[in-house]
Every structure is written in C-alpha cells, then in structure tokens.
Amino acid sequence: MKSSGIAYHLVAFLVVAIWGSTFVFTKMLLTAGLSPADIFTLRFLVAYVLLALLIVATPLGAGSRRWLCHSWRDELMMIGLGLTGGSIYFLTENAAMLFTTATNTSLIVCSCPLFTMLIVRLVYREESTRVGEVIGSLISLTGMALVVLNGHFVLHLSPLGDLLAFSACMCWAVYSLIIKQVSETYSPVFVTRKVFFYGLITMLPYYLFASPLPSWGIVMQRSVIANLLFLGCVASLACFVLWNWVIKHLGPVATTNWVYFNPITTIVFAAWLLGERITPYFLLGTIFILSGMYIAARK
C-alpha cells in the first residue's frame, strides 16, 4: 500500500474515532434536556455557519463559493446527500431507539459497510467484488457484533424499530454512493456545505409536528455550549469534509469499512468519560474488526 493510501486510511480512522465519541457527548446533551432532533439541528447549524464563514474569509473557499451546482441533476443529488447523510439518517437512527434496543440499533446501523459494498457493486458493475472484501467485511461484522453485544447474546426483535434502524443503515450506504458520483466534479468543501444546508432545510418540516427548539436557558449552559461546539465544529464540520475527501480517493467501500471501528471508539470514550467497563468481548471483537479490515483492504 502506497504512503498516500495509508494517509487516507489514517484520516478515515481519525474521523470514525471522533464519530464514535459523539454518542457519549450526545448522551450528555440528552441529559441536559435537548432532544435528538434538537442536537442534530444545532450541531448542523453551528457547522454550516462556521463553514460559510471559512469559505468567505479564507482561501478554503476557492472554488466553493458558488451557490448552485452546475446542473439541476447535481443539485438534486446534493438534496439527496442532505437527506441520507443528515435529516432522514439521524431521525431514523434516533427514532429506532424508541421502539427497539440500542444494541439492535447499533448492530443494524453499523452493518452499513456490507450494504455499501453490495449497492456500489450493483450500480457500478464494472467494479468486481473481491473475495477478500467479502471475507474481511464478514469478519469485521462479527467483531463489531462482539463489541456491541458485549457478552449478552440476546436480541429483542421489534419490527418497527429494526426497520427504522435498517433505514438509517441504507441511508448511509446511499450517501456513500452519491458522494462517489459528486466528488468527481465538486470539492469536498462544496459538497459538505451542501450536506449541511439541505440537512437543515429538510429537517424543518419535522418541527411542524414536534416540539419547538429548547429554551435559551438550556442552550446557554456552559456544558451544553461546549458539547455543541465539539459536535458542530469537529464531529460535523471537520469530519464531514475529511470523510468526503477520503471517499473521493479511496472509494465508498474501503472508506465505509471503517464504520466497523465505530463501536470500539464509543466504548473507549464511554469508559474514559462515563466510567463504563471494558470487557474481554470488547478486546476479542477489536481483534476481529482489525483483522477483517486488513483482509478487506489487501490487494
């Protein structure tokens, strides 16, 4: 593997490590009184405003200051990114946990690399699926299950909740597919700005049927501000730009395989910040995940 390829994989690992920590920070915000929809809206709003300022005020905006895409077809794909990587993804993932367990939701959502590989190979028939990719993905999927289940091998089936979790899984797979197409024409910064914008716009109808945004007193708490800034500036702005950049160079299949690593970083941060215990199943699952990702990435 060339050094540039290693760099892309390191960036993908860093992004997934940060995303794994977001579950812990989100839990803190939920405890403070924010709803899942509120957290998504506020973090995307912070990310969009900051990115817009960076585009206007720095060289980062070169080639990204145009408002619309080159064609309406491309603009529709950007709307699709805002839905699949933003509003619908977060709503279905969070709603799933109202009807099924967090374990079921994690298992289904974190299986998205396998479905990404299947969808990409189905759409781009010229790209053949390697045996190593399939075997590596299945080994990583097994390791992810060991980490999430944590020795409690009991699943509570809930058709509606599991269907919502599967919808979130498919949303991220479709997001990866669309990113592969638009990244050939537009820069990661331009695409990320579109994701934030349309993610926010398509979330607005939700508030017609749900409670309004939280009170100013809740939002202005120091801990809430700190967590929202981390989720908006780091986990959303920086990570989405880097993730879209890595997909542009590695492709959606190799990049999305790193999602299997997500539960590992979640548990590490939970042990660090929330005092949760790391078990032997976590260590065994980590070995499976890393081994599977290595096999899948080998040429």
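The values are calculated or read from the model by the stated rules, or taken from the named source; none is laboratory data. Keep in mind that what you see is a predicted model, and the values were worked out from it rather than measured. Don't worry about glycine lacking a Cβ; one is built from the backbone with ideal geometry, like all the others, and counts go over all protein chains shown. Areas reflect the complete protein model, heavy atoms only, side chains present, ligands, DNA and RNA absent. Shrake-Rupley method; radii C 1.70, N 1.55, O 1.52, S 1.80 Å.
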Review point. Given the Cα-Cα distance of Arg73 and Leu98 and 0.36 nm per residue of separation, how much length would full extension add, in nm?
Key: 5.4 nm
Check your understanding: For the chain, which whole-number percentage of the solvent-accessible area (1.4 Å probe, protein heavy atoms only) is attributable to carbon and sulfur atoms?
Key -> 72
Point to revise | Gain on full stretching of the segment that runs from Ser35 to Ile218 - 0.36 nm per residue minus C-alpha separation | key: 64.7 nm
Point to revise | FRET efficiency estimate (nearest 0.05) - Cβ-Cβ, Tyr124 to His249, R0 25 angstrom | key: 0.95
Practice item. Just give me a number: lysine pairs in the chain, eight or more positions apart or cross-chain, with C-alpha atoms less than 23 Å apart. Key: 8
Practice item. Could you provide, to the nearest whole Å², the per residue accessible area of the chain with probe 1.4 Å? Key: 48
Check your understanding: What full-extension length gain, to one decimal in nm, is calculated for Leu208 and Val234 as 0.36 nm per residue of separation minus the Cα-Cα distance?
Key -> 6.4 nm
Exercise for review: Rank Gly80, Gly217, Gly251 by mean-square fluctuation in a GNM of the chain with C-alpha springs under 10 angstrom and give only the top-ranked residue.
Suggested key: Gly217
Point to revise | Mean projection area, nm², convex hull over Cα of segment 172-271 | key: 8.2
Practice item. Using Cα pairs closer than 8 Å and at least 6 residues apart in sequence, work out the relative contact order for the chain, in percent. Key: 40
**Study point:** Neighbourhood net charge (15 Å Cβ-Cβ; Lys/Arg +1, Asp/Glu -1) for Phe99
**Key:** -2
Point to revise | GNM top mover of Tyr260, Tyr124, Tyr186 - the chain, alpha-carbon springs below 10 Å | key: Tyr124
Practice item. Using the Cα centre as the reference, give the magnitude of the dipole from point charges on the C-beta atoms of the chain (Lys, Arg: +1; Asp, Glu: -1; all else neutral), rounded to the nearest 20 debye. Key: 540
Review point. Just from its helices, what would the mean residue ellipticity at 222 nm be for the chain, if runs of 4 or more DSSP H residues each count -39500 (n - 2.57) and the sum is divided by every residue, rounded to the nearest 500 deg cm²/dmol?
Key: -22500 deg cm²/dmol
Practice item. Would you look at the GNM of the chain, springs on alpha carbons closer than 10 Å, and say which of Tyr207, Tyr89, Tyr198 moves the most? Key: Tyr207
Check your understanding: Looking at the chain, do any whole DSSP H helices span at least 20 angstrom along their long axis by alpha carbon and average 0.0 or above on Kyte-Doolittle, and which?
Key -> 3-32, 36-57, 131-149, 159-182, 188-203, 280-297
**Study point:** Options Phe282, Leu68, Trp172, ranked by Cα towards positive dipole end of the chain, top entry (Cβ charges)
**Key:** Leu68
